[in-house]
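Laboratory data are not the source of any read-out in this text; all were calculated from the coordinates shown. Worth saying up front: this structure is predicted, and the values here are computed from it rather than measured. Using ideal geometry, Cβ is built from the backbone for each residue, glycine included, and neighbour counts are taken over all protein chains shown.
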Amino acid sequence: MTIRGWKSRYREIRTAFGYKESDDISSAKKLNVIIKKKIPLSSLQKSISGKTIFVIGAGPSLSNAIRVMKKYQSVTKIVADGAVEALIKHKIRPDILVTDLDGDMKSIKKIARTNTSIVVHAHGDNKDQLEIVKKFKNKIGTTQSEKFGRLENFGGFTDGDRCVFLQNLIQSFIPHQNHSKGSKRSIWLTLTM
């Protein structure tokens, strides 16, 4: 499942940055081999169903947002890798980490040893870094080209984009709840600005 119009947008981005689709596909093929077992989206859905969700990026408001997040430790956190180092320093662990392996690798490796689900994105610029993914416990592979094999394409160009698209996709699988007085409600907050 991808966002409508992603193919044409992806082509525009590649052209603007001078990226080659063949490099993205080559990297995706390597990640597909590394990902031995496809984790079903339903398992991610179960982990966030009926919960409040924070989608967290590494924007300038992150330091202020950390104070809020400390008050809501039980809130599900989908985190772009650029924010994970700051969260770890404040003893906040993501529930889902989205990375293309260009964030702080020490922090990414630390999270990879936990039960946190890690959504790893393959693109032409990170093919050489993908070997580290073999050491990750709970990994899900994504690509910005056509999805195939054990890889998904949720849409998005940056890790932050992919966090939001992933959250929207997972939430779309959750049956609508009765939002009567006192019932739980799933909402999300993007902390990227």
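Those residues that are buried (at least 19 other Cβ atoms within 10 Å of the Cβ), farther than 17 Å from Ile39 by Cβ and not charged (D, E, K, R), I need them from segment 71-84; list them, please.
Val79, Ala80, Gly82, Ala83, Val84
I'd like to check something: does segment 67-89 contain any residue that is out of contact with any helix residue (DSSP H, G or I) (no Cβ under 7 Å at 6 or more places or on another chain) and of a type in the set (Asp, Glu)? Taking every residue of segment 67-89 in turn, none turns out to be out of contact with any helix residue (DSSP H, G or I) (no Cβ under 7 Å at 6 or more places or on another chain) and of a type in the set (Asp, Glu). Is there a residue being of a type in the set (Phe, Trp, Tyr) and surrounded by 17 or more Cβ atoms within 10 Å (Cβ to Cβ) anywhere in segment 8-18? Within segment 8-18, one or more residues are of a type in the set (Phe, Trp, Tyr) and surrounded by 17 or more Cβ atoms within 10 Å (Cβ to Cβ).
Just one of the listed residues (Ser43, Ser49, Ser22) is closer than 30 Å to Ser74 by Cα and exposed (fewer than 15 other Cβ atoms within 10 Å of the Cβ), and it is Ser43.
Listed here are the helices (runs of 4 or more DSSP H) enclosed by segment 1-78 that have at least 3 residues being more than 15 Å from Gln167 (Cβ to Cβ): 6-17, 21-34, 62-71.
Can you pull out every residue in segment 8-54 that is aliphatic (A, V, I, L, M) and out of contact with any helix residue (DSSP H, G or I) (no Cβ under 8 Å at 6 or more places or on another chain)?
First, the residues of segment 8-54 that are aliphatic (A, V, I, L, M): 13, 16, 25, 28, 31, 33-35, 39, 41, 44, 48, 53.
Matches in segment 8-54: Ile13, Ala16, Ile25, Ala28, Val33, Ile39.
Residues that are of a type outside the set (Phe, Trp, Tyr) and within 23 Å of Val133 (Cα to Cα) do not occur anywhere in segment 3-14.
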